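K.L.:
The following block contains the structure, expressed as structure tokens.
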Amino acid sequence: MTEGEILIALGAHDLDIIRSERTLDELPEKQAILKLRHRLKEIEALLEQAEAYRRKAEALVARKQDEATSVSEKIEAEQAKVLSGAVTNPKELQNLTREIAALDRRRAALEHEELGLMEKAEAATAQVQKVKAALDEGRSKESGLIERFKQRGGEIQREIERLKAERKLLADRLTPGMLERYEAVRAAKHGIGVGVLMSDGLCSACRTQLPAGRAQDIAGGPEVGQCPNCRRIMIVRRQAES
């Protein structure tokens, strides 16, 4: 193969690699995975919020329980004073009785508040379980999509690896200077670094019709030239013209 033929083959391989990678990126399974993963992050954020709310609700329940326990202990202590007979003054007994009644009302209020908070804690727990179920379902769906993507994308990926291996063999046959030139043009031109001068004076890369005189000059020059329009490497196919 001539240098021009190697460049044409290299360009064809690079174009096939670009197309295959685009096909891989555009597989419905991959798009579905990306969309699902975005949704899973949202669900994980909801789970974190739900768990934080549950912890807060449970902490409030525990606080009310502690308060109610403390009030119950005070009631028991005051009742013990009354039952012990140590307090004989009628006024003091009356005050103790009133204090016990007030504490009992306070305990009842705390127990009522505790029940309300327990309902909220139970609702928070149910919400956490609901979000966890949605997260588990989403992750299961993700696993299925990944498996299908591997099946469909695996074939494309193997084809990409094959093309890259062949590309390397072609690139190794070019001189370092020409390979560097090709890679620079390819990087600047969206992955397409070489075109062919067609028999009608058309550049196969940018699809521009060159002026007849300019096309003749290029055709009469070296095998490897440059398109005056897109500045890509331009190959003149000698054998095609003979």
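K.L.:
To the nearest 500 deg cm²/dmol, what mean residue ellipticity at 222 nm is calculated for the chain from DSSP H runs of n ≥ 4 alone, each contributing -39,500 (n - 2.57), summed and divided by the residues? Walk me through the numbers before you get to the answer.
P.N.:
Numbers: 6 runs with 188 residues, N = 242.
Using -39500 (n - 2.57) per qualifying helix, the result is -28000 deg cm²/dmol.
K.L.:
Report the extension gain between E92 and E48 in nm, rounded to one decimal, defined as 0.36 nm multiplied by the number of residues separating them, less their alpha carbon distance.
P.N.:
Length gained between E92 and E48: 10.4 nm.
K.L.:
Got a sec to turn the phi values of the stretch 156-162 into Karplus ³J(HN,Hα) couplings, 6.51 cos²θ - 1.76 cosθ + 1.60 with θ = phi - 60°, whole Hz, x for Gly and Pro?
P.N.:
After applying 6.51 cos²θ - 1.76 cosθ + 1.60, I find 5, 5, 5, 5, 4, 5, 5 Hz.
K.L.:
Cα centroid distance between the stretch 177-195 and the stretch 3-72, in Å?
P.N.:
So the two Cα centres are separated by 37 Å.
K.L.:
So, counting K/R as plus one and D/E as minus one, what does the shell of residues with Cβ under 13 Å around K30 add up to?
P.N.:
Numbers: positive: R22, K35, R37, R148, K150, R152; negative: E21, D25, E26, E29, E142, E147.
Once all neighbours under 13 Å are counted, the net charge is 0.
K.L.:
Around E223, which amide H atoms from residues at least 5 apart in sequence, or from another chain, sit under 5 Å from its own amide H, with H modelled in the peptide plane?
P.N.:
Here the answer is none, since no amide H 5 or more places off falls under 5 Å of that of E223.
K.L.:
Here's something else I'd like to know. Name the long-range amide H neighbours of L202: under 5 Å, sequence gap of 5 or more, or other chain; modelled H, no Pro or chain starts.
P.N.:
Counting only residues 5 or more places away or on other chains, the set is L210.
K.L.:
Sticking with this structure for a sec: Please report, in debye to the nearest 20, how large the charge dipole of the stretch 1-86 is about its Cα centre when each Lys and Arg carries +1 at its beta carbon and each Asp and Glu carries -1 there.
P.N.:
Working: 14 positive and 18 negative charges, 146 e Å.
Magnitude of the dipole: close to 700 debye.
K.L.:
While we're on this one: Can you tell which of P90, A102, I75 lies farthest toward the positive end of the dipole of the stretch 70-109, using +1 and -1 charges on the Cβ of basic and acidic side chains (Lys, Arg; Asp, Glu)?
P.N.:
Highest projection toward the positive end goes to A102.
K.L.:
Pull up the DSSP beta bridges for the chain and report the antiparallel fraction as a percent, rounded to 5.
P.N.:
On the way: 5 of 8 bridges.
Just about 60 percent of them are antiparallel.
K.L.:
Each residue of the stretch 96-103 in turn: what ³J(HN,Hα) in whole Hz from Karplus with 6.51, -1.76, 1.60 and θ = phi - 60°, glycine and Pro shown as x?
P.N.:
For the stretch 96-103, the Karplus-derived couplings read 4, 4, 5, 5, 5, 5, 5, 5 Hz, x marking Gly and Pro.
K.L.:
So for the stretch 140-242, averaging the separation of alpha carbon pairs under 8 Å that are six or more residues apart and normalising by length, what relative contact order in percent results? Can you show the working numbers first?
P.N.:
On the way: 92 pairs, mean separation 19.6, N = 103.
Answer for the stretch 140-242 is 19 percent.
K.L.:
So what does log10 I(q)/I(0) come out to for the chain at q = 0.08, 0.12, 0.16 Å⁻¹, using the Debye formula with one equal point on every Cα and no solvent?
P.N.:
-0.61, -0.86, -1.09
K.L.:
Now, a different point. On a 0 to 90 degree scale, rounded to 10, what angle separates helix 28-84 from the longest Cα axis of the chain?
P.N.:
That helix lies at roughly 10 degrees to the long axis.
K.L.:
Just want the answer: with Cβ charges of +1 for Lys and Arg and -1 for Asp and Glu, which residue in N229, T125, G213 is farthest toward the dipole's positive end in the chain?
P.N.:
Positive-end residue among those listed: G213.
K.L.:
Given Cβ point charges of +1 (Lys, Arg) and -1 (Asp, Glu) and nothing else, what value in debye, to the nearest 20, does the dipole of the stretch 4-160 about its Cα centre take? Intermediate values should be presented prior to the final figure.
P.N.:
On the way: 28 positive and 31 negative charges, 82 e Å.
The calculated dipole for the stretch 4-160 is roughly 400 debye.
K.L.:
While we're looking at this one, here's another question. For A57, what is the net charge nearby, where nearby means another residue's Cβ is under 12 Å from its Cβ and Lys, Arg count +1, Asp, Glu -1? Provide the component values of the computation, followed by the final result.
P.N.:
Working: positive: R54, R55, K56, R63, K64, K120; negative: E51, E58, E114, E119, E122.
Charge balance in the 12 Å sphere: +1.
K.L.:
Leaving ligands and nucleic acids out of the surface, order H38, H13 by accessible area at 1.4 Å, largest first. Could you put the intermediate results ahead of the total?
P.N.:
Working: H38 110, H13 35 Å².
Most to least solvent-accessible, the answer reads H38, H13.
The values are calculated or read from the model by the stated rules, or taken from the named source; none is laboratory data. Note that this is a predicted model, so its numbers are computed, not measured. As a convention, Cβ positions derive from the backbone with ideal geometry for all residues, glycine included, and neighbour counts pool all protein chains shown. These area figures cover heavy atoms from the full protein model, side chains too; ligands, DNA and RNA do not enter into them. Shrake-Rupley method; radii C 1.70, N 1.55, O 1.52, S 1.80 Å.
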